[in-house]
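First the structure, in the form of structure tokens, and then the observations on it.
The values are calculated or read from the model by the stated rules, or taken from the named source; none is laboratory data. Owing to the predicted nature of the structure, the values given are computational and were not obtained by experimental measurement. When we count neighbours, we look across all protein chains shown, and the Cβ atoms used for this are built from the backbone with ideal geometry, even at glycine.
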Amino acid sequence: MNTMAITAADVNKLRQITGAGMMDCKQALTEANGDFDVAVDVLRKKGQKVAAKRADRDATEGLVIAKTNADGTRGVLVCVNCETDFVAKNADFAAMADRLATIALEKNLDSVEALRSAAYDSNGLTIAEKLIEQTGVIGEKIDVSACGEVSAAFVYAYNHPGNKVASIVGLSKAGFEEAAKNTAMQIAAMAPIAVNKESVPQSVVDKEIEIGKELAIQEGKPAEMAEKIAMGRLTKFFKESTLLAQEYIKDNKLNVEQYLKSQDKDLTVTGFKRHSLTI
């Protein structure tokens, strides 16, 4: 079999397609005898080997991207991870993260598993395969750790500068963009675990009561009072950890529910998502 001559133009074309380094592209094309599809597979296989070697590494840096559709009725939040802040600040990495968020928005995806299984491009490359490919290209573990969706009468997406934390919030009525923005910023800053106490999982409530009882007993309180003390602490927990009960960060004389009611008596939060690289 004759070996096809690999030109600089071929190498550059493969670089444009894959983002891989010049020497990696040249070696892949040589191994593939000039066949671009085979060369891309060669690079992916290299990525798979690198990904396997780095599977135990922590990908704690990255970008959190939140965005909404054109009419503001649906929003998504996606986190794409890497190992170093240097890579997170790379324009190509940022473009890929933004594309993943766009795909999640267009396809109504609401889980990491669904996002990883979705097509990345028209050639049939899945996002999971793209992540493996980029692990090989970049030399760092690249992964997705969050994918959430909110649908409501009006959804606002807040991206904190630097894209280390983002939030999306759904309101019961449209036409209150400033209130939605303020609420989304509240979520980003204060990290509530639920909209209100009714939506806190029972397992979390039970755990808080158990912790409250143990603390009361450790403090020397009588066992028969422990439950009452624990319930008092649970009330404080709801106030600090559920969105509508939290003090409104722009006016601590109000909680978030009161702030929203000051804008419209029927205005409330129907759902939210938040993700942070650090909290």
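Out of Gly62, Gly72, Gly47, which single residue is modelled with pLDDT of 80 or more and within 30 Å of Asn12 (Cβ to Cβ)?
Within the list Gly62, Gly72, Gly47, the selection yields Gly62.
Being more than 35 Å from the chain's Cα centre (by Cα) and at positive phi is a condition met by no residue of region 196-219.
The rows are residues; the columns are (1) in a helix (DSSP H, G or I); (2) touching a residue at least 24 places away in the same chain (Cβ under 8 Å); (3) among the β-branched types (Val, Ile, Thr); (4) more than 30 Å from Thr60 (Cβ to Cβ).
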| residue | (1), (2), (3), (4) |
| --- | --- |
| Lys221 | no, no, no, yes |
| Glu224 | yes, no, no, yes |
| Gly232 | yes, no, no, yes |
| Lys236 | yes, no, no, yes |
| Lys239 | yes, no, no, yes |
| Tyr259 | yes, yes, no, yes |
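Here Lys265 meets the list (1) assigned to a loop (DSSP other than H, G, I, E, B); (2) touching a residue at least 60 places away in the same chain (Cβ under 8 Å) almost entirely, failing just condition (2). Residues in region 205-219 that are in a helix (DSSP H, G or I) and either in contact with a Cys (Cβ under 8 Å, 6 or more places away or on another chain) or exposed (fewer than 13 other Cβ atoms within 10 Å of the Cβ) (or both): Asp206, Lys207, Glu210, Glu214, Gln218. Can you find, within region 71-104, the residue that is nearest to Glu149 (Cα to Cα) among those that are among the acidic types (Asp, Glu) and in contact with a strand residue (DSSP E or B) (Cβ under 8 Å, 6 or more places away or on another chain)? In this case the residue turns out to be Asp98.
For region 9-22, give me each residue that is in contact with a helix residue (DSSP H, G or I) (Cβ under 9 Å, 6 or more places away or on another chain) and among the aliphatic types (A, V, I, L, M). Steps first, answer last, please.
Within region 9-22, the subset in contact with a helix residue (DSSP H, G or I) (Cβ under 9 Å, 6 or more places away or on another chain) is 10-15, 17-22.
Val11, Leu14, Ile17, Ala20, Met22, listed by residue number.
Is it the case that Glu208 is of a type in the set (Asp, Glu) and either in contact (Cβ under 8 Å) with a residue 40 or more places away in the chain or outside the structural domain of Lys250 (by TED's automatic domain parsing) (or both)? Answer is no for this residue. Restricting Thr278, Thr270 to residues that are part of a strand (DSSP E or B), among the polar types (S, T, N, Q) and within 29 Å of Ser111 (Cβ to Cβ) narrows the list to Thr270.
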